[in-house]
1. Condition check: surrounded by fewer than 16 Cβ atoms within 10 Å (Cβ to Cβ) and modelled with pLDDT of 95 or more. Does Trp97 satisfy that?
2. Looking at Leu16, Leu58, which one is touching a helix residue (DSSP H, G or I) at 6+ places or on another chain (Cβ under 6 Å), open to solvent by less than 30 Å² (accessible area, probe 1.4 Å) and either part of a helix (DSSP H, G or I) or at positive phi (or both)?
3. Look through segment 19-51, keep the residues that are more than 17 Å from Phe77 (Cβ to Cβ) and of a type in the set (Gly, Ala, Ser), and return whichever of them is most open to solvent (accessible area, probe 1.4 Å).
Amino acid sequence: THPPHTMDYETVFADLERIPQDDGPNPVCNIAYTEECKIAMDYLRAIWKKNEKSERALTLTRVCLGFNPANYTIWHFRREVLKHIHAAGATSSDQEW
């Protein structure tokens, strides 16, 4: 699966520190994620930690779903972000799906 586009993560998320996936000391199996997928998911975990529901969070969910469209947790968070943005009266081209 290819992401919809790439991002300049370090610029867009300059205020956040990446949170890497923690599989513990003895993971059952290592999944060979692409480097960009790892970076995107690290920033998504940072967004989750902040509970940030913003346009950039919405965009990041789109990118992460491009890597793994079966990730229910990302879909759930995306729905929460969309509800928040809608309630705030914001508009987004991302809402036109």
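The values are calculated or read from the model by the stated rules, or taken from the named source; none is laboratory data. Only a predicted model underlies this, so the values are computations on that prediction, with no experimental measurement involved. Ideal geometry is used to build each Cβ from the backbone, glycine not excepted, and the neighbour counts take in all protein chains shown. Please note that ligands, DNA and RNA were not included when accessible areas were found on the heavy atoms of the full protein model with its side chains. Shrake-Rupley method; radii C 1.70, N 1.55, O 1.52, S 1.80 Å.
1. no
2. Being touching a helix residue (DSSP H, G or I) at 6+ places or on another chain (Cβ under 6 Å), open to solvent by less than 30 Å² (accessible area, probe 1.4 Å) and either part of a helix (DSSP H, G or I) or at positive phi (or both) holds for just one of Leu16, Leu58, which is Leu58.
3. Residues of segment 19-51 more than 17 Å from Phe77 (Cβ to Cβ): 20, 22-36, 38-39.
Next, only the ones that are of a type in the set (Gly, Ala, Ser) stay: 24, 32.
Values: Gly24: 36, Ala32: 102 Å².
Result: Ala32.
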